[in-house]
1. Which three extents, in whole angstrom, do the alpha-carbon atoms of the stretch 251-327 cover along their principal axes, largest first?
2. Helix 67-79: angle to the longest alpha-carbon principal axis of the chain, degrees 0 to 90, nearest 10?
3. Working out 0.36 nm times the residue gap between HIS90 and HIS347, then minus their Cα-Cα distance, what length gain in nm do you get to one decimal?
4. With only alpha-carbon atoms counted, please give the Rg and Dmax of the stretch 380-494, in Å.
5. Can you give the extra length, in nm with one decimal, that the chain gains between LEU485 and ASN235 once fully stretched, where that is 0.36 nm per residue apart less the Cα-Cα distance?
6. Specify the angular offset, from 0 to 90 degrees and rounded to the nearest 10, of the alpha carbon long axis of helix 228-237 from the longest principal axis of the alpha carbons in the chain.
7. If the cut-off is a Cα-Cα distance under 17 Å, which aspartates and glutamates reach LYS341, setting aside same-chain residues fewer than 8 apart in sequence?
8. What FRET efficiency, computed as 1/(1 + (r/R0)^6) with R0 = 45 Å and r the Cβ-Cβ distance, is obtained for ILE27 and PHE177, rounded to the nearest 0.05?
Amino acid sequence: MTNNLYKMFLGDSPDWYKNTIIAFLIINPITLLILNSIGLNGSFIVGWMILLEFIFTLALALKCYPLQPGGLIAIQALYLGLTNPYSLLHEIEHNLEVILLLVFMVAGIYFMKNLMLTIFTKLLLSIHSKTKLSLMFCFVSAFLSAFLDALTVTAVLIAVAVGFYRIFHLANSGVVFSETNHDYLNDISLSEEGIEDLENFKAFLRDLIMHGVVGTALGGVCTIVGEPQNLLIANVAGWEFIEFMIKMAPITVPVFIAGMITCFSIEKLHLCGFGNQLPLRVKDIFHEYNAYEVSQSTPESKLELYIEMLVGIFLIIALALHLAAVGIIGLGVIILLTSFKGITHEHDLGDAFKEALPFTALLVVFFGVVSVIADQQLFTPIIAYVLAQEPSNQAPIFFVANGVLSAISDNVFVATIYINEIKDALDMNIISRDQFDKLAIAINTGTNIPSIATPNGQAAFLFLLTSSLAPLINLSYMRMVIMALPYTVVLSVVGFIAVVINL
């Protein structure tokens, strides 16, 4: 009975991983009891342990989806009194827009996949230079993120990359492109040539997707709608869309330029796993797919593309003008696309939600860990230290502190804490309005730029790590950290220098 229970626990995860999670769950309460009994602040120390243990589950997401082990740790945190259900509910309410975005916008993008795949296939075939293609992915992702939002753009990138992988798998399995039930997770059906090209193709997709997701950070920092915390900061500071963009420009423009230069350099120099070329045989497959799509084109399929294009234009306008919460706009996209494309059966709608709902559940678990950080005031000593510094030194220190804390926790949470702290300081006349503006800029750029160091630093990165694409292209936590490293170093340094000079 015990052996069967152990085998069932966390499924087919390695035994050492299961044992580690069990050890965490045993050590946490014992440590809390011992520390409290000798007069130390056990809740504070175990709170940090809970945070690091949760990051461990994210780091090994390819061994076991983090929802289960991370969820067990979060449940234990609630049981031990490190936080409570009301704090968790508060974090969920505070981040409801992000949850709605994941539930509805990602599903909406699913129904636009034909248009996305058509556009990106033509770009893939028309741009012959890998460096130019990488720059294009990075630039377009940045531009779209500035006027849409980073998570939506990441959902598009994931949908396109999965589409590319499926086309590759169909062709190398001897299956016609029209086949809808092909299992592209199973490599047994691949031809010898397909097996030879598989790893190179995975590496090529990894390059493009990482350039793209970094691009979402480059663009997302620039405007109110780019990242969830931007809107929060703008509301507290009383900034409108244009004013926000202008105030951020002295930091974001040099960082964007540095990002493009970094993209070019790491491709040319083949640094940190970049510089992988698309095998010629694979490119021929996409030429064949493009020719197939043209040959199979019917008035109905063309009409579907036009419908997707029109709804796409509506999506861009609605997001750019912030007509409603992003998730509500996403729900509108689902309704419009399914209505006019005739997708009316419930089981046809279900597939669209498969990608996002596991991550949505994981995000709610993450909010449980964030509520531990809030209730146990894990970051309070750091915040107090920063606010005690000379006003002339506060902005650069805020940039660094926000970046470090965002990389180990969550940038939205960190931005929320810091912007509220400096708003309180402004209300009590501890700092001037001019100093408040400088610190708000440092908070926004600090939580957006250095946080690309780890997947948990930004929701878009975490979404990519836990998506169905990540295991397909062997994109692990540490691989993401390593591939993002050149960007992290260059953008953080350039951002810090810009903060020092301009603030």
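The values are calculated or read from the model by the stated rules, or taken from the named source; none is laboratory data. These figures come from a predicted structure and were not determined experimentally. When we count neighbours, we look across all protein chains shown, and the Cβ atoms used for this are built from the backbone with ideal geometry, even at glycine. The area values use the complete protein model at the heavy-atom level, side chains included, leaving out ligands, DNA and RNA. Shrake-Rupley method; radii C 1.70, N 1.55, O 1.52, S 1.80 Å.
1. Largest to smallest, the principal-axis extents are 46, 44, 18 Å.
2. Once rounded, the angle reads 20 degrees.
3. 89.2 nm
4. 15.8, 54
5. My answer for the length gained is 86.8 nm.
6. Its long axis makes an angle of about 40 degrees.
7. GLU300, GLU304, GLU308, ASP351
8. Between ILE27 and PHE177 the formula returns 0.30.
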